[in-house]
Amino acid sequence: MSTIPRLVKAPISIEYSIADEELHGREYHTLSEADDDAIGQWLKLAKAKGDTSESDPIALKLLVDLHRKVDALERLIKDEKPIRIGLSNSAKIESIGFGFFRLENNDLDAGIKYYGRITMPTYPEREIGVFFIAQDSSLAKIVKIHDRDEKEWASYITARERVMIRELKGNI
């Protein structure tokens, strides 16, 4: 039985450093709460009360996303940037799998725990925080990721697999 996980090509980036649970843990939790802005809180409360039962969920999501984009533009105009911890390394991720990823470079030290921010090319684009342990110089095993981020990661893997299958069918 193979111990190498099944990975698919994925053009995404990561910034990472050796993990400091206290320092990086705080940012990790902040990244997970990024959707818990004022409009996100309002939407959760409205859904809990049942006030959105007669609303079109797609239109509601688009309206909330539009509100977030206006907020982002306002922050851009005011030159407000989210506070992020400086991470010492950045790399391109070559391939991803369920609970694993492989870097293009070989800068990892096996057995060391790292913290990283991965920029997900999804809509809306956002960063996810992960803690991972290097299995070798390029292969990493994700050991801590938020539930919502894990679902998005799995969806992205599935999308990449579909792209790969379509490319293979075109080459046959």
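The values are calculated or read from the model by the stated rules, or taken from the named source; none is laboratory data. The structure displayed is predicted, hence computed values, not measured ones. Using ideal geometry, Cβ is built from the backbone for each residue, glycine included, and neighbour counts are taken over all protein chains shown.
Okay, here's what the table says:
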item	result
Given (1) of a type in the set (Ser, Thr, Tyr); (2) at pLDDT below 85; (3) surrounded by fewer than 12 Cβ atoms within 10 Å (Cβ to Cβ), number of the condition SER55 does not satisfy	(3)
Every pair of residues 6+ apart whose Cβ atoms lie under 9 Å, when the first sits in segment 18-38 and is modelled with pLDDT under 70 while the second is charged (D, E, K, R)	ALA34/ARG126; ALA34/GLU127; ASP35/ARG68; ASP35/ARG126; ASP35/ARG148; ASP36/LYS44; ASP37/ARG68; ASP37/ASP71
Unique match (being within 30 Å of MET164 (Cα to Cα), surrounded by 13 or more Cβ atoms within 10 Å (Cβ to Cβ) and either touching a residue at least 12 places away in the same chain (Cβ under 8 Å) or not assigned by TED's automatic domain parsing to the domain that holds VAL143 (or both)) among ALA46, ALA10	ALA10
Options ILE4, ILE83; residue that is loosely packed, with under 12 Cβ neighbours inside 10 Å and over 22 Å from the mean Cα position of the chain (by Cα)	ILE4
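Conditions tested, residue by residue: (1) under 16 Å from the mean Cα position of the chain (by Cα); (2) surrounded by fewer than 20 Cβ atoms within 10 Å (Cβ to Cβ); (3) β-branched (Val, Ile, Thr); (4) not in a strand (DSSP E or B).
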site: ILE93; (1), (2), (3), (4): yes, no, yes, no
site: ASP109; (1), (2), (3), (4): no, yes, no, yes
site: TYR115; (1), (2), (3), (4): yes, no, no, no
site: TYR123; (1), (2), (3), (4): yes, yes, no, yes
site: SER137; (1), (2), (3), (4): no, yes, no, yes
site: LYS151; (1), (2), (3), (4): yes, yes, no, yes
site: THR158; (1), (2), (3), (4): yes, yes, yes, yes
site: GLU161; (1), (2), (3), (4): no, yes, no, yes
